[in-house]
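Asker: Input: one structure, supplied below.
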Amino acid sequence: MTTEEMDALADIYDDEMLRMDGYDDCCIGVVERFGMNPVFCYSVDRVIAKLMKADGMTEEEAWEFFHFNQIGAWVGDGTPCFISHLTA
């Protein structure tokens, strides 16, 4: 997703939706649940690939970094969520 697309979604849904800096291209949309604020949703596959390519991490290092610093970071109700793509 582009930064402009994310800006447009934030305007539609809620300005309090938080983003992962530098990962707009890994965002795949917005998740909504009853009684909860909408949040940006990031593709786990894209995040891991970006960590490996942009930061030169091995796959194992990328997963460790992701679990500790990204999915493991709670910064309030606007904290993004992540989706894993399953293959049939």
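Asker: Projected area of the chain, taken from the Cα convex hull and averaged over every viewing direction, in nm²?
Answerer: 6.5 nm²
Asker: Give me the accessible area per residue for the chain, probe 1.4 Å, as a whole number in Å².
Answerer: Using a 1.4 Å probe on heavy atoms only, each residue of the chain averages 67 Å².
Asker: Taking the Cβ-Cβ separation of E4 and N69 as r and a Förster radius of 35 Å, what is the calculated FRET efficiency to the nearest 0.05?
Answerer: About 0.85, to the nearest 0.05.
Asker: Here's another thing I want to ask about it. Within the accessible area of the chain, what % is carbon and sulfur when the probe is 1.4 Å and the other protein chains stay in place?
Answerer: 54 percent
Asker: What list of ³J(HN,Hα) values in whole Hz, one per residue of the stretch 26-32 in order, does the Karplus curve 6.51 cos²θ - 1.76 cosθ + 1.60 (θ = phi - 60°) give from phi, with Gly and Pro shown as x?
Answerer: 9, 7, 10, x, 10, 10, 10
Asker: Given labels modelled 7 Å from the Cα in the Cβ direction, how far is it in nm from I83 to E61?
Answerer: Result for the modelled spin labels: 3.0 nm.
Asker: Now, a different point. Ordered by residue, what ³J(HN,Hα) values in Hz, to whole numbers, does the stretch 37-46 give under the Karplus form 6.51 cos²θ - 1.76 cosθ + 1.60, where θ = phi - 60° and Gly and Pro are x?
Answerer: Those phi angles translate into 5, x, 9, 5, 10, 10, 7, 4, 4, 5 Hz.
Asker: Also: Fully extended, how many nm does the chain gain between I12 and A49 (0.36 nm per residue separation, minus their Cα-Cα distance)?
Answerer: Between I12 and A49, full extension yields an extra 10.4 nm.
Asker: Take the alpha carbon gyration tensor of the stretch 39-88, find the square roots of its eigenvalues, order them as a ≥ b ≥ c, and report rounded if a/c is under 1.5; if not, report prolate when a/b exceeds b/c, else oblate.
Answerer: Note, shape of the stretch 39-88 comes out oblate.
Asker: List every residue whose amide H lies under 5 Å from the amide H of N37, counting only residues 5 or more places away in sequence or on a different chain, with H placed 1.01 Å from N in the peptide plane.
Answerer: Amide H to amide H, under 5 Å and 5 or more residues apart or across chains, N37 pairs with nothing.
Asker: Name the long-range amide H neighbours of G29: under 5 Å, sequence gap of 5 or more, or other chain; modelled H, no Pro or chain starts.
Answerer: Distant-sequence amide H within range of G29: C41.
The values are calculated or read from the model by the stated rules, or taken from the named source; none is laboratory data. Treat the numbers as computed from the prediction; the structure is a model and nothing was measured. Methodologically, a virtual Cβ is constructed for each residue, glycine included, from the backbone with ideal geometry; neighbour enumeration extends over all protein chains shown. Accessible surface areas use protein heavy atoms only, side chains included; no ligands, DNA or RNA. Shrake-Rupley method; radii C 1.70, N 1.55, O 1.52, S 1.80 Å.
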